[in-house]
Structures are given as C-alpha cells and as structure tokens.
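J.: Can you read through this structure? Questions will come right after.
Quick note: the coordinates plus some simple rules give every number you see, no bench work behind them. Here the structure is a predicted model, which means the values were calculated and not measured. Note: ideal-geometry Cβ built from the backbone for every residue, glycine included; neighbour counts use all protein chains shown.
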Amino acid sequence: MALLKIKNITYRVPEKEIFSNLSLVVEKEEVHAILGKNGTGKSTLAYLIMGCEGYVPDSGKILFEGKVINGLKLHERAQLGITLAWQEPVRFEGISVRDFLILKNKEADPSPYLEMVGLLPELYLGRIMDKTLSGGERKRIELASIVALQPKFAILDEPDSGIDMLSIQDILNVIATLKKNGASVLLITHREEIAKIADRASQICNGKIVCTGAPDNVAEYYKTRKCEICSSEECVYV
Ligand code: ADP
Ligand code: MG
C-alpha cells in the first residue's frame, strides 16, 4: 500500500521550473532511493514533502496515507509521522544532545541511538547542539534523532554527505532500524552505492522521475545516462 503519493507536482522558483509534473509513489515499509546529480532538485523535493516554509507546489498533489497534505504546515506533517534529516542539519540550536534525542519520549534511553551512529554516549549526551560540534557530528546526531522520533516516513537527504567517518554500514544500520520500526524511508543520494541498499530506486532528472525500478537497474541507468542528455528526451520510464 502506498504511504506517500506525489501526483504531478510542478514547482517553480523565479528563475526556473524545478519540477514539471513529477510523480512518485513510496510504499509502506519501503526504502526508496532518489538518485540525481547535484542541482536536480532532490533537496527541494524533500522540503516540499516536509512542508518547509515557502515550499508549496504550484500544482499537483502530495498524499500521505491517502490524504492530501499540500495545505498542512511542517509541524502538522511531523505530527502525521513525517520527518526529515536535513542535508545541512540546522535544528534545535542550544539544547543538549540528550534532550534532542528524547524530544518524543522523555523516558527513553538515548544511548543506543548514539551508539548506532558511532558516537560514544558518555562523550556526547552532555554536549550542547551548537557550533562546537563538527558538521559530521551534527549529522550523526541528526540521524540518531530521526530514529528516536520513530517516524512513519523518514526522508534522509544525503545521509552520507559531510560525514568523514560515518561508514556506509552505520547508514545501513540507521535505515534497517527505521524499517524494522515500520517506517518507510526516502533515501536521497547522488551515490549509486548508497542507492543499492534500497528496495527500489528512482532517478530524478530534468524536473521529473525518469526511471523507477530495482536499485541495480536504476543505478546502472544513472551511471550510463548523464542527466544533461535528458533534455533531449532520451530518458524513458521503465
Ligand atoms: P539537489 O539537492 O538535487 O542538489 P536542490 O533541490 O538543492 O538540488 O536545488 C535544485 C535547483 O534549484 C538548484 O539549481 C538550485 O540552485 C535551485 N533552487 C532551489 N531553491 C531555489 C530558490 N528558492 N530560488 C532559486 N533557485 C533555487
Ligand atoms: Mg541537496
């Protein structure tokens, strides 16, 4: 059953149309990778699904569990169980890592979430979410917090970017745990080796999903068909 359905969304910024009639379906408990080169609109898609300030489709519908959510604000979508791990984590400046990880459940033990992303709880639980944490540390803590939130739908925007030491295995653990807890995952990446861990993958290009299928097939397509040539309409749906 579809958890998220995007039907023909178009989204313009003053200079250009980022999406033209983009459609995408993410099933329940599915890990769905979105592959696309830099600048193809992957983060924009994440913001449109999450309902970030200012991100409203010009046309088309976004449905979650069968209900149109276009008009819902970010916090209302969060209440439905949608969450986003930002490419550049920005949230909750100034609170402790411990408090950040128990936002949903004050009784929870936050340590396993940190261990899952390769951080020692005794070193990090008392730290403050501020500039003293490196970008990679923030990114790991952000991923840990997504698992702690126990969402129905987790959007991970390039979970591997900016993290020197976070191995693919750590990311796999995070995704496997989300899935085990019943979540669907939209795994945004520009690396085909990350996309390969998904159940299905879609390639985004030229404002549309041009190809959806088994990750190996889509990754092969992604490697061999450069996005630039899509403007000549050589991409096909499979
Ligand atoms: P990706 O995450 O795939 O690298 P983005 O979603 O960040 O791509 O951006 C897609 C394209 O849209 C980029 O060319 C970016 O510069 C442009 N873009 C995104 N938001 C805006 C905006 N508010 N105004 C103008 N251009 C934007
Ligand atoms: Mg991006």
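J.: Return the single residue from 135, 39, 182 with maximal mean-square fluctuation; model: Gaussian network over the chain, springs between Cα atoms under 10 Å.
T.: 39
J.: Assign one of three labels to segment 1-106, namely rounded, prolate or oblate, based on the Cα gyration tensor with a ≥ b ≥ c the square roots of its eigenvalues; rounded applies when a/c is under 1.5, prolate when it is not and a/b is larger than b/c, and oblate otherwise.
T.: Working: a/c = 1.81, a/b = 1.42, b/c = 1.28.
Prolate, since a/c reaches 1.5 and a/b exceeds b/c.
J.: If you don't mind, another one. Only Cα pairs under 8 Å and at least 6 apart count here; give the relative contact order of segment 1-138 as a rounded whole percent.
T.: Computed over segment 1-138, the figure is 20 percent.
J.: Let me ask you something else. Using label points projected 7 Å from each Cα along Cα→Cβ, tell me how many nm separate residue 21 and residue 224, to one decimal.
T.: 2.7 nm
J.: Tell me, what is the percent relative contact order of the chain, built from C-alpha pairs under 8 Å that lie six or more residues apart? Can you show the working numbers first?
T.: Values: 473 pairs, mean separation 61.2, N = 238.
It comes to 26 percent, rounded to a whole number.
J.: Can you flag which of 28/106; 7/223; 73/104; 104/139; 42/104 are past 23 Å Cα-Cα?
T.: 28/106; 7/223; 42/104
J.: Here's another thing I want to ask about it. Which of the three applies to the chain, rounded, prolate or oblate, going by the alpha-carbon gyration tensor with a ≥ b ≥ c and a/c under 1.5 meaning rounded?
T.: On the way: a/c = 1.81, a/b = 1.53, b/c = 1.19.
Here the chain falls in the prolate category.
J.: Now a separate question. How much length is gained if the chain between residue 74 and residue 28 is pulled fully straight, taking 0.36 nm per residue apart and subtracting their Cα-Cα distance, in nm to one decimal?
T.: Working: separation 46, 0.36 × 46 = 16.56 nm, distance 2.09 nm.
That works out to 14.5 nm of additional length.
J.: Let me ask you something else. Give the distance, in whole Å, between the Cα centre of segment 87-139 and the Cα centre of segment 11-66.
T.: Between the Cα centre of segment 87-139 and that of segment 11-66, the gap is 28 Å.
J.: Calculate how many DSSP beta bridges within the chain are antiparallel, expressed in % of all such bridges and rounded to the nearest 5.
T.: On the way: 21 of 39 bridges.
Taking every DSSP beta bridge within the chain, about 55 percent pair in antiparallel fashion.
J.: Subtract the Cα-Cα distance of residue 128 and residue 109 from 0.36 nm times their separation in residues, and report this length gain in nm to one decimal.
T.: Numbers: separation 19, 0.36 × 19 = 6.84 nm, distance 1.76 nm.
Here the answer is 5.1 nm.
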